[in-house]
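**Student:** Structure provided below as structure tokens; questions to follow.
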Amino acid sequence: MKDLLETINSPSDLRKLSEDQLKPLCSEIREYMVDCCSTNPGHLGSSLGAVELIVGLHYIFNTPKDKLVFDVGHQAYAHKILTGRREAFRLNRTREGISGFPQRAESAFDAFGTGHSSTSISAALGLAEAARMTGSGEKVVAMIGDGAMTGGLAWEGLNNAGASGADLLIILNDNNISIDRNIGGVHNYLLKITTSPGYNRFKRRVWERLGNRGIRSYVQKMVRDAKSHLVSGSGGAVFEALGFRYFGPVDGNDIAQVTDALRRLRDLPGPRILHCITTKGKGYAPAEADPTVWHAPGKFDPATGERVHVQYKADRYQDVFGEVLTELARMDDKVVGITPAMASGCGMTGFAEKMPGRFFDVGIEEEHAVTFAAGLAAGGIKPYCNIYSSFSQRAYDCIIHDVALQNLPVVLCFDRAGVVGEDGATHHGVFDMTAYRSIPNAVIAAPRDEIELKNLMYSGLSVTGGPYIIRYPRGCGEGLNWREASWKAMETGKGQRLTDGEDVAVLALGPSANRAVEAAEAYDARTGKSVRVYDMRFLKPVDTSILEEVARDFDRIITVEDGALKGGLFSEVSEYMCGHGLCKHVTGLGIPDKFVPQDTQARQRAECRIDREGILAEIDKILKK
């Protein structure tokens, strides 16, 4: 870490620097970011590209009084480093350190908590209207990437903000294209003219003279259209049509251009948007060369860029999904794959290469992904729609209204179900079972290993109604030879007894069933008492024959699930027992009624008592009563 960065403990320190010092500061921030992320992995590429924008915003605006709202938060690392969390950043995304995303509880500089895409404009508009109503005089800026701008919520926010006339500045951080001829003398000149105080005073006088007559609207439209085509050659007109004043594009990695533009735009009234072109991974050659990989590269050698190869103990569920989907598509030419911008994360890149005409990446649009899948199903196609469990929450209405209500055969594969580790509370997939269990026509399945995932996906070929939901965790499977396993259709609503026992019954879903077996074997070896473990496999429809068997043979029952206790397997079993007059003692292990913070998956599962040791402790506790 160099001298300049060591002097910055808050943006007030930053604002003491001369503008000539900002460029070397940006270089120091990048070096520090690379150094920290090389040993403590995080979302690196996006944050490298946004350094000048963040330095410029904190330099020109009076944060934290002025509010800066990020979208998702992948680009916010420089923000955290500059706002009193420089040393804490070394423990970014750990339980002992700070969150990888902005959090209001973490810092006064985090004006709004983020983690999911496309929320910044709506949140910033709320802050801007609150500032107007309270007369606080604070400025509000939303910073959104071009990827997040594909989300429907972003456009809902734009539509409302443009019509409201709110005092709101949006920074569009566009890192999807290289800087082209739009960055040049003519555009810089036009930017300076359109943001200059003299120009804007003159413009207001002209509009006042024209009054509210129809000619004013006509002239305004003509000028707006002309300026949009001149300034934005490639798209500013759409923002102007929504009621925004569009400026740019500017080179978002040129700190002089950034501060000049922000200074000119800071005090302009009304909704306005500054289009900034940046390079993802800027300043670190390996990240610039392969921005997809370096979005979240894992550990690496900062000097060479050589990534530390991770030797997985087994195939990851996401990779099993991708390979199985490809095989299913070879079996049936009606099979298609859909992802809302997570092709690599959900293991679908191989499918995209082998089946390009049957692969659909719809952008960050979970709602559209589900309704699009419903339309395909209505047309006789067999869609497999893969969404991270946490993000599926956004498509809740579409799952009910467009899939379940019409009983359409859509296979919904929820990756990252359960606790997810270092991304923390915003990304845990723990609410899906609670959310979807009450929906008529829905099937909810949870494979306990790679072979069950393969066969549940195979069973999806024969689905005649839906939604047919398959939820599976982030990370590795059990190490089974699933590629050689034969295809087997899984009977819907049918579980399996895994161990025999007489003293207590454990009913588990997903890979938790394997941990229950391990706990049962350990308890038997230690005490001689026996535990009967069931893999329920389906939450809905639940295997009532197992519940009847358990009610007949046991007074004490334990449920285990990598999901919210309220509304999941624990609720299903308890409701069944009470509803049928079966007074049994049911204990639930799962995610309690709280948001679990960032940590490793292993420690999160231990905290929630759904690992081997937690289940073993609960068995011991119950059998000692």
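Readers should treat all values here as calculations from the given coordinates under stated rules, not as data from a laboratory. Not measured: the values here are computed from a predicted model. Note that each Cβ is placed from the backbone with ideal geometry, even for glycine, and that neighbours are counted across all protein chains shown.
**Student:** So for the chain, taking the charge dipole from beta-carbon charges (+1 Lys/Arg, -1 Asp/Glu), which of LEU376, GLY528, ALA551 sits furthest toward the positive end?
**Tutor:** Selected residue: LEU376.
**Student:** How would region 317-471 be classified by its alpha-carbon gyration tensor: rounded, prolate or oblate, with rounded meaning a/c under 1.5 and the a/b versus b/c comparison settling the rest?
**Tutor:** The shape class here is rounded.
**Student:** For labels at SER530 and GLU549 in the simple 7 Å Cα→Cβ model, what's the distance in nm?
**Tutor:** Distance between label points: 1.3 nm.
**Student:** Restricting to DSSP H runs of at least four residues, report the calculated mean residue ellipticity at 222 nm for the chain, -39500 (n - 2.57) per run over all residues, nearest 500 deg cm²/dmol.
**Tutor:** Helix-only estimate at 222 nm: -12000 deg cm²/dmol.
**Student:** Also: Arrange the peptides 518-529, 387-398, 123-134 so that the one whose residues have, on average, the most other Cβ atoms within 10 Å appears first.
**Tutor:** In decreasing order of mean packing, 518-529, 387-398, 123-134 become 387-398, 123-134, 518-529.
**Student:** Would you grab the residues whose amide H sits under 5 Å from the one on ALA417? Only those 5+ places off in sequence or on another chain, please, with H modelled 1.01 Å from N.
**Tutor:** Amide H neighbours of ALA417, under 5 Å, 5+ apart: SER389, TYR472, ARG474.
**Student:** May I ask you to evaluate 6.51 cos²θ - 1.76 cosθ + 1.60, the Karplus curve with θ = phi - 60°, for each residue of region 512-518 and list the ³J(HN,Hα) values in order in whole Hz, giving x for glycine and proline?
**Tutor:** After applying 6.51 cos²θ - 1.76 cosθ + 1.60, I find 4, 5, 5, 5, 5, 5, 4 Hz.
**Student:** Treat the count of other C-beta atoms within 10 Å as a stand-in for reagent exposure and order ARG515, ARG30, ARG330 from fewest to most.
**Tutor:** So the ranking, lowest neighbour count to highest, is ARG330, ARG30, ARG515.
**Student:** In region 467-625, what % of DSSP beta bridges are antiparallel (nearest 5)?
**Tutor:** Of the beta bridges lying entirely in region 467-625, close to 10 percent run antiparallel.
**Student:** Now for a separate question. Collect residues whose amide H, placed 1.01 Å from N in the peptide plane, falls under 5 Å from the amide H of LYS540; neighbours closer than 5 in sequence don't count.
**Tutor:** Answer set, sorted by chain and number: ILE444.
**Student:** Next up: How many percent of DSSP beta bridges within region 399-485 run antiparallel, rounded to 5?
**Tutor:** 10 percent
**Student:** Still on this structure, please answer the following. With +1 on each Lys and Arg Cβ and -1 on each Asp and Glu Cβ, and nothing else charged, work out how big the dipole of the chain is about its Cα centre, in Debye to the nearest 20.
**Tutor:** Dipole of the chain, to the nearest 20 debye: 2160 debye.
**Student:** So what's the angle, to the nearest 10 degrees on a 0 to 90 scale, between helix 22-39 and the longest Cα principal axis of the chain?
**Tutor:** The two axes meet at around 10 degrees.
**Student:** While we're looking at this one, here's another question. Which of ARG104, ARG307, ARG93 comes first, and how do the rest follow, when ranked by fewest Cβ neighbours within 10 Å?
**Tutor:** So the residues, fewest neighbours to most, are ARG104, ARG307, ARG93.
**Student:** Could I have the simple spin-label model distance between ALA606 and ASP301, label points 7 Å from Cα toward Cβ, reported in nm to one decimal?
**Tutor:** Using points 7 Å along Cα→Cβ, the separation is 3.2 nm.
**Student:** If you don't mind, there's one more thing I want to ask. Enumerate the lysines that LYS529 could reach by cross-link, defined here as Cα to Cα under 28 Å, with residues fewer than 8 away along the same chain left out.
**Tutor:** Counting by Cα, and skipping residues close in sequence, LYS529 has these lysines nearby: LYS494, LYS584, LYS621, LYS624, LYS625.
**Student:** Let me make sure I get this right: for region 496-623, a, b and c are the square roots of the gyration tensor eigenvalues over alpha carbons, sorted descending. Under 1.5 in a/c it's rounded, otherwise prolate if a/b > b/c, else oblate. Which is it?
**Tutor:** Taking the square roots of the gyration eigenvalues as a ≥ b ≥ c, region 496-623 is oblate.
**Student:** Return the subset of LYS80/LYS566; LYS540/LYS566; LYS16/LYS282 for which the Cα-Cα distance in this structure is over 23 Å, preserving the input order.
**Tutor:** Distance filter (> 23 Å) returns LYS80/LYS566; LYS16/LYS282.
**Student:** What residues have an amide H closer than 5 Å to that of ASP449, excluding those fewer than 5 places away on the same chain, when H is modeled at 1.01 Å from N in the peptide plane?
**Tutor:** The list, which skips near neighbours in sequence, is empty: none.
**Student:** Which aspartates and glutamates, if any, have their Cα less than 13 Å from the Cα of LYS382, not counting same-chain residues under 8 positions apart?
**Tutor:** ASP332, ASP333
**Student:** Among (1) 83, 73, 63; (2) 88, 61, 50; (3) 86, 56, 49, which is the computed Cα extents along the principal axes in Å?
**Tutor:** Here Cα extents along the principal axes in Å agrees with entry (3).
**Student:** A follow-up question, please. Working out 0.36 nm times the residue gap between VAL308 and SER27, then minus their Cα-Cα distance, what length gain in nm do you get to one decimal?
**Tutor:** Answer, rounded to one decimal: 98.7 nm.
**Student:** While we're here: Label-point separation (nm) for VAL238 and ASP500, each offset 7 Å from Cα along Cα-to-Cβ?
**Tutor:** The two pseudo-label positions are separated by 6.5 nm.
**Student:** Rounded, prolate or oblate: which fits region 577-625, taking a ≥ b ≥ c as square roots of the Cα gyration tensor eigenvalues, rounded meaning a/c under 1.5, else prolate when a/b beats b/c?
**Tutor:** oblate
**Student:** Take every DSSP beta bridge whose two residues both sit in the chain, then give the antiparallel share in percent to the nearest 5.
**Tutor:** Once the DSSP bridges in the chain are tallied, antiparallel ones form about 10 percent.
**Student:** Using Cα atoms only, what is the angle between the long axis of helix 450-459 and the major principal axis of the chain, expressed in degrees (0 to 90) to the nearest 10?
**Tutor:** In the chain, helix 450-459 runs at an angle near 80 degrees to the longest axis.
**Student:** If you don't mind, there's one more thing I want to ask. Apply 1/(1 + (r/R0)^6) to the Cβ-Cβ distance of ALA485 and ASP20, taking R0 = 56 Å, and write down the FRET efficiency to the nearest 0.05.
**Tutor:** 0.30
**Student:** Compute the relative contact order of the chain as a whole-number percentage, counting only Cα pairs closer than 8 Å that sit 6 or more residues apart in sequence.
**Tutor:** Over the chain, the number comes to 11 percent.
**Student:** Note down the relative contact order for region 496-623 as a percent, whole number, built from C-alpha pairs under 8 angstrom at least six residues apart.
**Tutor:** Value for region 496-623: 28 percent.
**Student:** Whole-Hz ³J(HN,Hα) for each residue in region 239-247, computed from phi via Karplus 6.51 cos²θ - 1.76 cosθ + 1.60 with θ = phi - 60°, x for glycine and proline: what do you get?
**Tutor:** Rounded to whole hertz, the list is 5, 4, 5, 7, x, 9, 8, 9, 9.
**Student:** Further, regarding this structure: Could you tell me which of ALA485, ALA505, MET143 has its Cα farthest along the dipole of the chain towards the positive end, charges placed at Cβ (Lys, Arg +1; Asp, Glu -1), taken about the Cα centre?
**Tutor:** MET143
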